[in-house]
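So that we are looking at the same thing, I have put the structure below in structure tokens.
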Amino acid sequence: MIESLLIANRGEIARRIIRTAKRLGIRAIAVHSEVDADLPFVTEADEAVCVGPANPAQSYRNVEAILAAAKSTGAQAIHPGYGFLSENAEFARTVESSGLIWVGPGADAIAAMGDKINARNLMAAAGVPVAPGTTEPAADLDAAVAAAAEIGYPVMVKAAAGGGGMGMGVATDEAALRTEYDKVRSFAERMFGDGSVLIERYFPRVRHVEVQILGLADGRVVALGERECSVQRRNQKLVEESPSPAVSPELRERLLAAGVRAGEAVGYRNAGTVECLLVPREPDAKGDAAEEFFFLEMNTRLQVEHPVTELVYGLDLVEEQLRVASGLAPTFDPDALAPRGHAIELRINAEDPKRFLPGPGAVTTWTEPVGEGVRVDSGYVAGNTVTPFYDSLMAKLIVDGRDRAEALERARAAVAAFEIAGPKCNLPFFAELLENPEFLSGDYDTAIVSRMR
């Protein structure tokens, strides 16, 4: 097993990784920006190194500073968490060429899945369903218009190098496409340094379901169930649950098999997620309705929502990541995976609960809920400050129960008991959601938040 680990991240995920590292007797090394010096992940690490000012480009994305910190502290391995450099293939290569262990998939797999068009083509070749769309970038507006005419409106205009719900727009006709194409291309060039754009079919009513995969040290790829991620604002997730209330046993079998095929197609190792769109079909003449699903993207890292899978499967995914990176077998029998119960995660963000605009500030009150089936992965405590330099995520409230009804009951109680003052907070939104008949029924889609607002 790895003996010393540098966590190239911050906040709740850094704290989460440190917790597992310490349990396993691994020396945990944190890196931090100047403004994060007093956050819990810094004080809880065995050693901490400041890598630059608040600007992420000068700290958490500063490859030279992070590698220098690894060298000065004698770190054996680097865990990137999520965001920042976690899906940067060049960083992964640099880490490994420096003689360090990269806790994640190989750089080739990251690169293959980082380009949305290349990923779509690879998945189609592997027999994973993909939505109708372009097989190469739309080189200019005329090419985009021609592709949309062939695919049929409405279409989604997407940045090929995008991710995390960023760099996307919907066009219902050619006039809208002309506007969205320029907008997405400009955004992609600015944010990702790559203005490539793809066009694919847009489905007005859709669910977002993903499969957790784990590529083992022996070369096998296993699927650890699915997660429902359809409660979103601005194409970014707010709530995740497992198992999905929309997935039947037959559909689950197909989904998980597709997830495994996706991982095998790129020789995947370590933890990753295959994200899919689940599209309901109209009932046939007999009144039977079925769902079809399409590959959306693969996230070549640990997901924010990994705790719901951990609770349903009784695993520590960070430990499994470290074991794979160390060349060790998993803690579980891949041929005898047995999910149990139901888990739900709520992302507690520093944003107002109506328009979801960021609202950073000093934390004056921070009281976490406790009780059976309640877990909180947090990045802050009272006295800290949520700054405007990073993502607004403050904590993740995760609950589990014997079934969805019990998990929902525990979620309502936990939300009521969670006290945060200082920054703006979206806890009131979750209190509303957990009483919403559509959400409670389990029959909801990615437009549920817009219907609530």
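The values are calculated or read from the model by the stated rules, or taken from the named source; none is laboratory data. Predicted model only: the values in this text are computed from it and were never measured. In this analysis, Cβ positions are derived from the backbone assuming ideal geometry, glycine residues included, and neighbour counts consider all displayed protein chains.
Which condition from (1) touching a residue at least 40 places away in the same chain (Cβ under 8 Å); (2) more than 21 Å from the chain's Cα centre (by Cα) is the one that Glu372 breaks?
Just one mismatch for Glu372, condition (1).
Can you find even one residue in segment 104-116 that is under 22 Å from Ala14 (Cβ atoms) and assigned to a loop (DSSP other than H, G, I, E, B)?
Scanning segment 104-116, I find at least one residue that is under 22 Å from Ala14 (Cβ atoms) and assigned to a loop (DSSP other than H, G, I, E, B), so the answer is yes.
Quick one: in segment 70-113, which of the residues that are without any contact (Cβ under 8 Å) to a residue 40 or more places away in the chain and among the β-branched types (Val, Ile, Thr) is nearest to Ile7 (Cα to Cα)?
Of everything passing the filter in segment 70-113, Val95 is nearest to Ile7 (Cα to Cα).
Can you find, within segment 236-268, the residue that is farthest from the chain's Cα centre (by Cα) among those that are in contact (Cβ under 8 Å) with a residue 60 or more places away in the chain and buried (at least 24 other Cβ atoms within 10 Å of the Cβ)?
Val266
If you don't mind, another one. Do we have Glu372 as surrounded by fewer than 17 Cβ atoms within 10 Å (Cβ to Cβ) and either at pLDDT 95 or above or touching a His at 6+ places or on another chain (Cβ under 9 Å) (or both) here?
Working: surrounded by fewer than 17 Cβ atoms within 10 Å (Cβ to Cβ): yes; either at pLDDT 95 or above or touching a His at 6+ places or on another chain (Cβ under 9 Å) (or both): yes.
Against the criterion (surrounded by fewer than 17 Cβ atoms within 10 Å (Cβ to Cβ) and either at pLDDT 95 or above or touching a His at 6+ places or on another chain (Cβ under 9 Å) (or both)), Glu372 qualifies.
Now a separate question. Identify all residues within segment 159-177 that are in a loop (DSSP other than H, G, I, E, B), under 18 Å from Pro132 (Cα atoms) and either among the aromatic types (Phe, Trp, Tyr) or touching a residue at least 24 places away in the same chain (Cβ under 8 Å) (or both); write none if there are none.
Once the filter is applied, which keeps residues that are in a loop (DSSP other than H, G, I, E, B), under 18 Å from Pro132 (Cα atoms) and either among the aromatic types (Phe, Trp, Tyr) or touching a residue at least 24 places away in the same chain (Cβ under 8 Å) (or both), segment 159-177 yields only Ala160.
Which pairs turn up if I take residues in segment 319-334 that are in the same structural domain as Leu224 (by TED's automatic domain parsing) and closer than 18 Å to Leu5 by Cβ and look for partners that are among the hydroxyl-bearing types (Ser, Thr, Tyr) and outside any loop (DSSP other than H, G, I, E, B) with beta carbon separation below 7 Å, at least 6 apart in sequence or on another chain?
Final answer for the pair search is Glu319/Thr20.
Picking from Ala405, Ala382, which residue would you name as being small (Gly, Ala, Ser), at pLDDT 95 or above, under 22 Å from Asn436 (Cα atoms) and more than 22 Å from the chain's Cα centre (by Cα)?
Ala405
Another question, then. If I ask for residues that are surrounded by 18 or more Cβ atoms within 10 Å (Cβ to Cβ) and closer than 19 Å to Ala131 by Cα, which ones from segment 202-227 would you list?
Tyr202, Phe203, Val206, Arg207, His208, Val209, Glu210, Val211
Can you spot a residue in segment 340-356 that is out of contact with any Asp or Glu (no Cβ under 8 Å at 6 or more places or on another chain), in the same structural domain as Glu253 (by TED's automatic domain parsing) and more than 28 Å from Val449 (Cβ to Cβ)?
Within segment 340-356, one or more residues are out of contact with any Asp or Glu (no Cβ under 8 Å at 6 or more places or on another chain), in the same structural domain as Glu253 (by TED's automatic domain parsing) and more than 28 Å from Val449 (Cβ to Cβ).
Inspect all residues belonging to segment 303-314 and state whether any of them is at pLDDT 95 or above, over 19 Å from Glu226 (Cβ atoms) and not acidic (Asp, Glu).
Within segment 303-314, not a single residue is at pLDDT 95 or above, over 19 Å from Glu226 (Cβ atoms) and not acidic (Asp, Glu).
Can you say whether Gln232 is touching a residue at least 12 places away in the same chain (Cβ under 8 Å) and surrounded by 18 or more Cβ atoms within 10 Å (Cβ to Cβ), as far as the supplied structure shows? Reasoning before the result, please.
Values: touching a residue at least 12 places away in the same chain (Cβ under 8 Å): yes; surrounded by 18 or more Cβ atoms within 10 Å (Cβ to Cβ): yes.
Judged against the criteria, Gln232 is a match.
Could you grab me the full set of residues in segment 424-453 that are in contact with a strand residue (DSSP E or B) (Cβ under 7 Å, 6 or more places away or on another chain), over 30 Å from Ala362 (Cα atoms) and among the charged types (D, E, K, R)?
Asp445
What number of residues within segment 38-63 satisfy the criterion of being in contact with a strand residue (DSSP E or B) (Cβ under 7 Å, 6 or more places away or on another chain) and exposed (fewer than 15 other Cβ atoms within 10 Å of the Cβ)?
2
Please tell me if Glu406 is charged (D, E, K, R) and assigned to a helix (DSSP H, G or I).
Values: charged (D, E, K, R): yes; assigned to a helix (DSSP H, G or I): yes.
So Glu406 fits the description; yes.
Look through segment 2-25, keep the residues that are assigned to a loop (DSSP other than H, G, I, E, B) and in contact with a helix residue (DSSP H, G or I) (Cβ under 9 Å, 6 or more places away or on another chain), and return whichever of them is surrounded by the most Cβ atoms within 10 Å (Cβ to Cβ).
The qualifying residue surrounded by the most Cβ atoms within 10 Å (Cβ to Cβ) is Ala8.
Residue-wise test of (1) in contact with a strand residue (DSSP E or B) (Cβ under 6 Å, 6 or more places away or on another chain); (2) farther than 28 Å from Arg254 by Cα; (3) assigned by TED's automatic domain parsing to the domain that holds His306; (4) not charged (D, E, K, R).
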{"position": "Ala139", "(1), (2), (3), (4)": "no, yes, no, yes"}
{"position": "Val155", "(1), (2), (3), (4)": "yes, no, no, yes"}
{"position": "Met168", "(1), (2), (3), (4)": "yes, no, no, yes"}
{"position": "Thr172", "(1), (2), (3), (4)": "no, yes, no, yes"}
{"position": "Met191", "(1), (2), (3), (4)": "no, yes, no, yes"}
{"position": "Asp194", "(1), (2), (3), (4)": "no, yes, no, no"}
{"position": "Gln212", "(1), (2), (3), (4)": "yes, no, yes, yes"}
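List the number of the failed condition for Ala139; all other conditions in (1) farther than 13 Å from Gly195 by Cβ; (2) surrounded by fewer than 19 Cβ atoms within 10 Å (Cβ to Cβ) hold.
Just one mismatch for Ala139, condition (1).
Continuing with the same structure: Taking into account only those residues within segment 200-215 that are of a type in the set (A, V, I, L, M, F, W, C) and out of contact with any Asp or Glu (no Cβ under 9 Å at 6 or more places or on another chain), which is modelled with the lowest pLDDT?
Of everything passing the filter in segment 200-215, Phe203 is modelled with the lowest pLDDT.
A follow-up question, please. Please tell me if Tyr313 is touching a helix residue (DSSP H, G or I) at 6+ places or on another chain (Cβ under 8 Å) and surrounded by fewer than 23 Cβ atoms within 10 Å (Cβ to Cβ).
no
Here is a follow-up. One residue is enough: does segment 422-442 have a residue meeting the conditions in the same structural domain as Glu228 (by TED's automatic domain parsing), surrounded by fewer than 21 Cβ atoms within 10 Å (Cβ to Cβ), part of a strand (DSSP E or B) and not small (Gly, Ala, Ser)?
no
Could I ask something else about it? Across segment 181-227, which residue is farthest from Ala159 (Cα to Cα) among those that are in contact (Cβ under 8 Å) with a residue 12 or more places away in the chain and hydroxyl-bearing (Ser, Thr, Tyr)?
Out of the qualifying residues, it is Tyr202.
While we're here: Of all residues in segment 78-103 being among the acidic types (Asp, Glu) and assigned to a helix (DSSP H, G or I), which is surrounded by the fewest Cβ atoms within 10 Å (Cβ to Cβ)?
Here the answer is Glu90.
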